[in-house]
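First comes the structure, then the notes that go with it.
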């Protein structure tokens, strides 16, 4: 028996990349939280219908797996017992198969499928092993212990369409891998990344839709081990669906200062079709007032709302609300987007790139990289016929989503009907890579390195 246990231990620890301590910047193997906190489970099923049961054991604090034995049953249930123990039963019969009484985290490794073992959990298939920390309150967490490139395979089809060009998928693969290397916010909960949009979507191999197809696997294989670095450290590789025509500096969204996340005009999104790229949302004065007061701003009836500051690339970074008594509330950064969200009224603004009643406020930009104007009033313009005139009120401009009229802050007044209309483009926080921009660049023949070097400033890919 002793000899058998030593052989088994060698095989299983090889599966999890041998004895290793995993740091934030050296994660060949990831702990992915599938169920935890409010979603922790009183019992968790696992099905290895393709292979031949499981090896059970425990993971130590260095994530080394120590095998204790084998189970031939293919469908099993893990349940907490007391503050530390785990009981394994046959899911169908309820027969107790194993009672684990150790203090380390109980784990299960599927047998019979080689290094690409696939196990079913809650309707999805996953590569890798599973760990079950006992929470001591009648629930267990469920953690997928998986090789980082297999994890990326389980992210790609949920973050980007598998039908998109290979170069775009390769860029997304590098972003997903980098995000997993750098992410630390779940460390106190005992895992590296979660499986939801709070981190990035991860559903393993899924239930069949969307399919992890050959292009997804090729994108991961072609970029195996590659990540984005700045000054030798993995970056915070944020990305969003689309930026509406310009990415934004992180300082203007979340207040931090990351030199690789800076705003820049994006000419590529206009080169591809983006569903729901332009959005329009309307608010009555009464609705805005109620929304602000729900969020504890204590305003009387809103009389006006206008954009009071734009970023260097023309995104909204400050909005001012004025009520009928002259009280003002000024919001900035990402709140300029989230302030307009309400589940009660089913209202939302999708990006920081928008106008309110046709007024974009703040500064105006003369040519890309040129000077800025604080107002359109008094500006001399040359018409198509060669005549020069001076603006006294407004100017019509051609934008990525059509012609709009811009006014100066001095002439920005509340609409007479009390309805505020927000028109904008893009979707998301506008930081880092635009996924649709990556698609457009790939369609234009750019490589994944071209894409990443455009959206992330001063980075190294290695």
query: Which one of 366, 331 is modelled with pLDDT of 55 or more and over 30 Å from the mean Cα position of the chain (by Cα)?
result: 366
message: Taking the conditions exactly as written (under 19 Å from residue 176 (Cβ atoms) and crowded, with 16+ Cβ neighbours inside 10 Å), does residue 242 satisfy them or not?
response: yes
field: Answer from 92, 52 - the residue that is touching a residue at least 60 places away in the same chain (Cβ under 8 Å), more than 18 Å from residue 189 (Cβ to Cβ) and surrounded by fewer than 21 Cβ atoms within 10 Å (Cβ to Cβ)
entry: 52
- line: Being over 21 Å from the mean Cα position of the chain (by Cα) and touching a residue at least 40 places away in the same chain (Cβ under 8 Å) narrows 261, 228, 301, 292 down to just 292
- prompt: List, please: which pairs have Cβ atoms under 7 Å, are six or more places apart or on different chains, and start with a residue in the stretch 311-329 that is at positive phi and end with one that is not in a loop (DSSP other than H, G, I, E, B)?
  reply: 314/246; 314/365
- request: Could you name every one of the strands (runs of 3 or more DSSP E) located completely within the stretch 106-202 that has at least 1 residues being without any contact (Cβ under 8 Å) to a residue 24 or more places away in the chain, buried (at least 23 other Cβ atoms within 10 Å of the Cβ) and in contact with a strand residue (DSSP E or B) (Cβ under 7 Å, 6 or more places away or on another chain)?
  value: none
query: Quick one: how many residues across the stretch 61-80 are within 35 Å of the chain's Cα centre (by Cα) and assigned to a strand (DSSP E or B)?
result: 8
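The values are calculated or read from the model by the stated rules, or taken from the named source; none is laboratory data. Remember, it's a predicted structure, so these values are computed and weren't measured experimentally. Reconstructed Cβ throughout: ideal geometry from the backbone, glycine too, with neighbour counts over all protein chains shown.
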